[in-house]
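Colleague: Below are the structure tokens for one structure; questions will follow.
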Amino acid sequence: MKKLSAQFYAGPDVVALARQLLGKLLVSRFEGVLTAGRIVETEAYIGLTDRASHSFGGKRTDRNEHMYAAPGTAYVYICYGMHHLFNVVTNKKDIPDAVLIRALEPIEGIDMMLRRTGKPKPDKTLTRGPGNAAKALGIFKQHSGISLRSSDLYIADDGYIITNDLTGVSKRIGVESAGKAALYPYRFYVKGNPFVSSYPKK
DNA sequence: CCGGGGATTATCT
DNA sequence: GATAATCCCCGGC
């Protein structure tokens with residue numbers, strides 16, 4: 001099991017990277033406690049040209065500043081006033097592409113995840129959805145800007161493979177107001193996995 | 001299982 | 001003052 005390389009995050013195609021992050025392990029080691037989850041759902045945001053992105057058109061504010069950081073940086077922001085959402089910055093510095101981690105399958109440190117989320121016992125809602133996933137790993141807005149090559153928060157490859165026939169693709173969730181961009185097929189998920197936040201309607 | 005609506009506040013206009 | 005890359009609970013089927 002090894003941390004993803006700086007070169008991985010520097011890839012120029014954020015949509016391809018979102019697909020490749022499926023099956024990887026997101027690991028946090030805050031306060032000496034290891035918690036880890038397998039990534040089972042992601043979404044790509046193409047910073048400059050994607051109306052659903054916080055950095056569309058080159059918009060740059062205090063809130064989204066870390067989208068412009070070096071590849072392999074964490075971008076965490078608060079949504080709906082209460083949820084902390086974790087993203088992986090990719091491409092080059094000053095190109096604000098990012099991948100939103102939408103769901104995890106709990107792997108390690110489940111007791112700690114329960115304590116953080118206040119849930120009485122593990123169930124499929126523990127790490128389902130981007131707000132829950134970040135909460136279970138103890139990721140908050142204050143972690144925005146830290147490197148994913150650090151020892152506190154990183155993504156690792158343990159050799160687990162998500163085959164193409166297990167990979168689902170759909171439009172992104174919660175971006176209805178983004179016009180045409182709302183229909184782009186930039187969401188990837190592991191078919192049949194109970195921690196995936198939702199499945200496309202028939 | 002599915003859809004509707006309230007919660008709750010940082011951020012931007 | 002309005003909006004938001006969400007979640008949970010509730011009711012209906």
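Colleague: Return the residues of segment A:130-145 that are buried (at least 21 other Cβ atoms within 10 Å of the Cβ) and either hydrophobic (A, V, I, L, M, F, W, C) or in a loop (DSSP other than H, G, I, E, B) (or both); say none if nothing qualifies.
Modeller: Once the filter is applied, which keeps residues that are buried (at least 21 other Cβ atoms within 10 Å of the Cβ) and either hydrophobic (A, V, I, L, M, F, W, C) or in a loop (DSSP other than H, G, I, E, B) (or both), segment A:130-145 yields A:Ala133, A:Ala134, A:Ala136, A:Leu137, A:Gly138, A:Ile139, A:Ser144.
Colleague: Here is a further query. If I filter segment A:169-197 down to residues being hydroxyl-bearing (Ser, Thr, Tyr) and part of a loop (DSSP other than H, G, I, E, B), which single residue comes out as farthest from the chain's Cα centre (by Cα)? Walk me through how you get there before you give the answer.
Modeller: Looking only at segment A:169-197, we keep the residues that are hydroxyl-bearing (Ser, Thr, Tyr), and these are A:170, A:177, A:184, A:186, A:189, A:197.
Next, only the ones that are part of a loop (DSSP other than H, G, I, E, B) stay: A:184, A:186, A:197.
Values: A:Tyr184: 18, A:Tyr186: 13, A:Ser197: 13 Å.
It comes out as A:Tyr184.
Colleague: Can you name every residue in segment A:30-46 that is in a loop (DSSP other than H, G, I, E, B) and at pLDDT 95 or above?
Modeller: A:Ile46
Colleague: So, of the residues in segment A:79-95 that are near DNA strand C (Cβ under 8 Å from one of its atoms) and on the phi < 0 side of the Ramachandran plot, which turns out to be surrounded by the most Cβ atoms within 10 Å (Cβ to Cβ)?
Modeller: That would be A:Asn87.
Colleague: Quick one: would you say A:Arg149 is modelled with pLDDT of 95 or more and over 15 Å from the mean Cα position of the chain (by Cα)?
Modeller: The answer is yes for A:Arg149.
Colleague: Related question: When segment A:32-49 is examined, which residues are found to be free of Cβ contacts under 8 Å to residues at least 60 places away in the same chain and over 16 Å from the mean Cα position of the chain (by Cα)?
Modeller: A:Gly32, A:Leu48, A:Thr49
Colleague: Related question: Quickly run through segment A:47-69 and pick out the residues that are closer than 9 Å to A:Asp97 by Cα and either part of a helix (DSSP H, G or I) or within 15 Å of DNA strand B (Cβ to nearest atom) (or both). Can you show your working first?
Modeller: Within segment A:47-69, the subset closer than 9 Å to A:Asp97 by Cα is A:47-48, A:53, A:55, A:67-68.
Matches in segment A:47-69: A:Gly47, A:Ser53, A:Ser55, A:Met67, A:Tyr68.
Colleague: For segment A:114-141, name all the residues that are under 16 Å from the mean Cα position of the chain (by Cα) and farther than 24 Å from A:Pro200 by Cβ.
Modeller: The answer is A:Lys135, A:Ala136, A:Leu137, A:Gly138, A:Ile139, A:Phe140, A:Lys141.
Colleague: Conditions: (1) of a type in the set (Lys, Arg); (2) within 16 Å of DNA strand C (Cβ to nearest atom); (3) surrounded by 15 or more Cβ atoms within 10 Å (Cβ to Cβ). A:Lys3 meets all but one. Number of the miss?
Modeller: Of the numbered conditions (1) of a type in the set (Lys, Arg); (2) within 16 Å of DNA strand C (Cβ to nearest atom); (3) surrounded by 15 or more Cβ atoms within 10 Å (Cβ to Cβ), the odd one out for A:Lys3 is (2).
Colleague: Checking the condition farther than 29 Å from A:Ile107 by Cβ and of a type in the set (Ser, Thr, Tyr), which residue from A:Ser28, A:Ser53 passes? Can you show your working first?
Modeller: Working: A:Ser28 fails: farther than 29 Å from A:Ile107 by Cβ.
That would be A:Ser53, the only listed residue that is farther than 29 Å from A:Ile107 by Cβ and of a type in the set (Ser, Thr, Tyr).
The values are calculated or read from the model by the stated rules, or taken from the named source; none is laboratory data. Only a predicted model underlies this, so the values are computations on that prediction, with no experimental measurement involved. Reconstructed Cβ throughout: ideal geometry from the backbone, glycine too, with neighbour counts over all protein chains shown.
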